[in-house]
Amino acid sequence: MASFKVIEEGAFGDYEFVAEAESLEKLFDICGLATFEAVTDVSKVEALEEMNFAISTESLEELLFLFLAELIYIKDTENIFFSRFEIKITNKFKLSCKAYGERIDNKKHTLKTDVKAVTYHKLEVVKKSDGYGAHVILDL
């Protein structure tokens, strides 16, 4: 069930997607992969390095926003693409993440576009009968 779909008719200069998964952790995993799929072909990113971080906040939307913002920040400051995530969410608004990827290599990784930031516009995390769904817009 875990998947994401790019919304092609989104605003120019943005990358908009919806995601769904059977669990909250898997939903965040899919959103992380969708974010990096906007930037490069994630299938070519090996899980050679591990980065760990934790986030705590007041809502699921804010948790997803901060999670994606942290991934984008690490990409920009450490020059790393990620392809795999181990996520634990407790008390609904506390997240710990192990992100796996590798240093950006222009000979190996094709740059599709650059994600500058995650936005709050239309940001949504919803509980569904069969899991969770999210709506995300990234600023390019």
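Among residues of the range 108-124 that are closer than 16 Å to V45 by Cβ, those with a beta-carbon under 9 Å from a residue that is polar (S, T, N, Q) and assigned to a loop (DSSP other than H, G, I, E, B) at least six positions away or on a different chain give the pairs H109/T40; T110/T40; L111/T40; K112/T40. With respect to the stated conditions, T35 is over 15 Å from E102 (Cα atoms), β-branched (V, I, T), out of contact with any Cys (no Cβ under 9 Å at 6 or more places or on another chain) and modelled with pLDDT of 95 or more.
In summary, strands (runs of 3 or more DSSP E) completely within the range 29-129 and bearing 1 or more residues that are of a type in the set (G, A, S) occur at 49-56, 80-90, 94-103.
Scanning the range 17-28 for residues that are assigned to a helix (DSSP H, G or I) and either of a type in the set (A, V, I, L, M, F, W, C) or surrounded by 24 or more Cβ atoms within 10 Å (Cβ to Cβ) (or both) returns L24, L27, F28.
For beta carbons closer than 9 Å, sequence separation of 6+ or different chains, a first residue in the range 62-85 that is surrounded by 16 or more Cβ atoms within 10 Å (Cβ to Cβ) and a second that is part of a helix (DSSP H, G or I) and among the basic types (K, R), the qualifying pairs are F81/K44; F81/K75; F82/K75; S83/K44. Residues in the range 125-140 that are in contact (Cβ under 8 Å) with a residue 40 or more places away in the chain and of a type outside the set (A, V, I, L, M, F, W, C) were compared, and the one that is surrounded by the fewest Cβ atoms within 10 Å (Cβ to Cβ) is D130. Scanning the range 1-16 for residues that are assigned to a loop (DSSP other than H, G, I, E, B) and either in contact with a Ser or Thr (Cβ under 8 Å, 6 or more places away or on another chain) or within 21 Å of E124 (Cβ to Cβ) (or both) yields a count of 8.
The values are calculated or read from the model by the stated rules, or taken from the named source; none is laboratory data. The structure presented is a predicted model; accordingly, all values stated were derived computationally and were not measured. Positions of Cβ are backbone-derived with ideal geometry, glycine not excepted, and every protein chain shown enters the neighbour counts.
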